[in-house]
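So that we are looking at the same thing, I have put the structure below in structure tokens.
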Amino acid sequence: MSLILTFLGKGGSGRTTIAIAAAKKLASQGKRVLLAVQDTGFALDLLIETSVTHEVQQIAPNLDAVQFKASVLLERNWDEVKKLEAQYLRTPVIKDVYGQELVVLPGMDKALELNALREFDASGKYDAIIYDGSGDTTTLRMLGMPESLSWYSRRFGKLITESDLVKTVSPFLQPLIATVLNVSWTGDNFAAPTSQATNILEQGKAALADPKRLIAYLVTTDNPIAIATATYLWGSAQQVGLNVGGVIFNQTADTPTTEEFDPLTISTIPTTPLSSWQPLIDALPDFMQTVDVPKPIEFDVVNRQVKLFLPGFDKKQVKLTQSGPEVTIEAGDQRRNILLPPGLSGRTVSGAKFQQGYLIISF
């Protein structure tokens with residue numbers, strides 16, 4: 001499994017340059033690295049001195065690069081859908097629909113990119129994958145997708161299964177599905193697609209929560225707007241459960257004294273010509289070293305508390321609601337549903353307060 005590394009920050013703060021430098025640094029250390037970019041253009045081609053396409057290509061020793069092109073990813077995934085249909089249906093109905101005809105719907109591109117990251121990670125070919133995406137809340141929603149989809153599956157799946165309609169038609173539905181799919185209802189084959197999807201979601205949630213598997217770094221300059229943007233993205237990253245390992249101040253001569261990013265480690269990158277990569281590489285943190293960062297969420301059953309680390313937000317910007325065994329937290333542009341563990345499930349929220357960047361919910 002790979003370390004997946006991404007960078008968050010305001011546009012123009014130098015995220016792409018930092019991403020390339022990070023890839024070069026890890027490759028020079030003997031790590032097998034994939035640089036996965038969302039967009040390509042003149043600036044990127046100038047920085048790496050070659051054109052990046054949707055096909056994986058080696059651009060330096062130990063360093064591959066690929067562009068995530070949504071239409072190409074959709075075609076490849078459509079081929080897998082057709083194979084699955086052919087496996088479970090006697091007479092496939094979408095066999096004459098081709099991937100080249102499909103249109104990428106809004107939001108589908110992010111799901112395709114996330115799946116591509118998952119596949120590259122599972123391939124075992126790379127020690128590190130550097131993802132150079134939009135670096136904003138769109139990237140955060142993409143990385144938080146397994147958690148969101150898991151919630152939809154849990155809540156709506158249960159509602160549909162327990163509905164009177166499904167209970168009424170179930171005696172007729174089971175033999176019908178068994179006939180259409182040409183499988184035994186009680187056999188493992190019918191459950192395979194659902195089980196596989198559930199496993200993928202659970203693996204994605206586990207990777208998101210593990211800073212050894214997936215971690216982000218904030219990139220900013222000493223511009224107040226860039227700093228405010230990075231702070232906001234830090235809090236938003238915590239909302240989706242993404243660990244942030246540190247802050248990289250780009251094109252900054254002196255180490256800033258700002259307290260907005262406590263307790264994160266701050267690295268400063270001096271202004272250097274585009275042709276001089278080594279000073280930039282040397283100033284970067286050790287991305288492979290395990291970092292001690294505040295956990296996005298902690299459960300304290302003994303004291304009947306849930307602690308969420310939400311830097312950049314205050315109590316007025318947070319909305320808290322409870323529905324049965326789940327608590328929903330809204331902060332900024334992100335909404336998070338928390339399934340309470342045994343010991344807290346069944347209890348009602350009795351209070352909430354902010355303390356040193358933590359939202360502490362009591363039951």
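The values are calculated or read from the model by the stated rules, or taken from the named source; none is laboratory data. Note that the structure is predicted; figures quoted are calculated from it, not measured. Here the Cβ is made from the backbone with ideal geometry for all residues, glycine too, and neighbour counts use every protein chain on show. Just the protein is used for accessible areas: all its heavy atoms, side chains included, with ligands, DNA and RNA removed. Shrake-Rupley method; radii C 1.70, N 1.55, O 1.52, S 1.80 Å.
Go through VAL301, VAL327, VAL293 for me and flag whichever is out of contact with any Cys (no Cβ under 7 Å at 6 or more places or on another chain) and farther than 20 Å from GLN238 by Cα.
From the options VAL301, VAL327, VAL293, the qualifying one is VAL301.
Given the stretch 70-166, what helices (runs of 4 or more DSSP H) lie entirely inside it while holding 2 or more residues that are modelled with pLDDT under 85?
70-88, 145-161
Write out, first by first residue and then by second, each pair whose Cβ atoms fall under 7 Å of each other, whose residues are 6+ apart or on separate chains, and whose first residue, in the stretch 248-260, is of a type in the set (S, T, N, Q) while the second is surrounded by fewer than 18 Cβ atoms within 10 Å (Cβ to Cβ) and at pLDDT 80 or above.
GLN251/THR271; THR252/ASP222; THR252/THR268; THR255/THR268
Taking the criterion of being under 30 Å from GLU49 (Cβ atoms), among the hydrophobic types (A, V, I, L, M, F, W, C) and free of Cβ contacts under 8 Å to residues at least 24 places away in the same chain, would at least one residue in the stretch 269-280 satisfy it?
Within the stretch 269-280, none of the residues are under 30 Å from GLU49 (Cβ atoms), among the hydrophobic types (A, V, I, L, M, F, W, C) and free of Cβ contacts under 8 Å to residues at least 24 places away in the same chain.
Does GLY41 fit the bill of being at pLDDT below 90, surrounded by fewer than 17 Cβ atoms within 10 Å (Cβ to Cβ), closer than 20 Å to GLU113 by Cβ and not charged (D, E, K, R)?
Against the criterion (at pLDDT below 90, surrounded by fewer than 17 Cβ atoms within 10 Å (Cβ to Cβ), closer than 20 Å to GLU113 by Cβ and not charged (D, E, K, R)), GLY41 qualifies.
May I ask you to list the residues in the stretch 301-352 that are assigned to a strand (DSSP E or B), over 23 Å from the mean Cα position of the chain (by Cα) and surrounded by 13 or more Cβ atoms within 10 Å (Cβ to Cβ)?
GLN305, LEU320, GLN322, ALA352 - these are the residues of the stretch 301-352 that are assigned to a strand (DSSP E or B), over 23 Å from the mean Cα position of the chain (by Cα) and surrounded by 13 or more Cβ atoms within 10 Å (Cβ to Cβ).
Hey, any hits in the stretch 256-263 for a residue that's modelled with pLDDT of 90 or more, part of a loop (DSSP other than H, G, I, E, B) and surrounded by 18 or more Cβ atoms within 10 Å (Cβ to Cβ)?
Yes, the conditions are met somewhere in the stretch 256-263.
Tell me, please, whether a residue that is assigned to a strand (DSSP E or B) and either touching a strand residue (DSSP E or B) at 6+ places or on another chain (Cβ under 6 Å) or of a type outside the set (A, V, I, L, M) (or both) can be found in the stretch 270-293.
There is no residue in the stretch 270-293 that is assigned to a strand (DSSP E or B) and either touching a strand residue (DSSP E or B) at 6+ places or on another chain (Cβ under 6 Å) or of a type outside the set (A, V, I, L, M) (or both).
Filtering the stretch 195-221 down to residues that are at pLDDT 90 or above and either of a type in the set (Ser, Thr, Tyr) or open to solvent by 60 Å² or more (accessible area, probe 1.4 Å) (or both), which residue is farthest from THR257 (Cα to Cα)?
Looking at the filtered set, the residue picked out is TYR217.
Here's a follow-up. On the basis of being modelled with pLDDT of 80 or more, of a type in the set (Ser, Thr, Tyr) and assigned to a helix (DSSP H, G or I), does SER51 make the cut?
It is false that SER51 is modelled with pLDDT of 80 or more, of a type in the set (Ser, Thr, Tyr) and assigned to a helix (DSSP H, G or I).
Applying the selection to the stretch 271-292, what residues are surrounded by 15 or more Cβ atoms within 10 Å (Cβ to Cβ) and modelled with pLDDT of 85 or more?
TRP277, LEU280, ILE281, ALA283, LEU284, PRO285, PHE287
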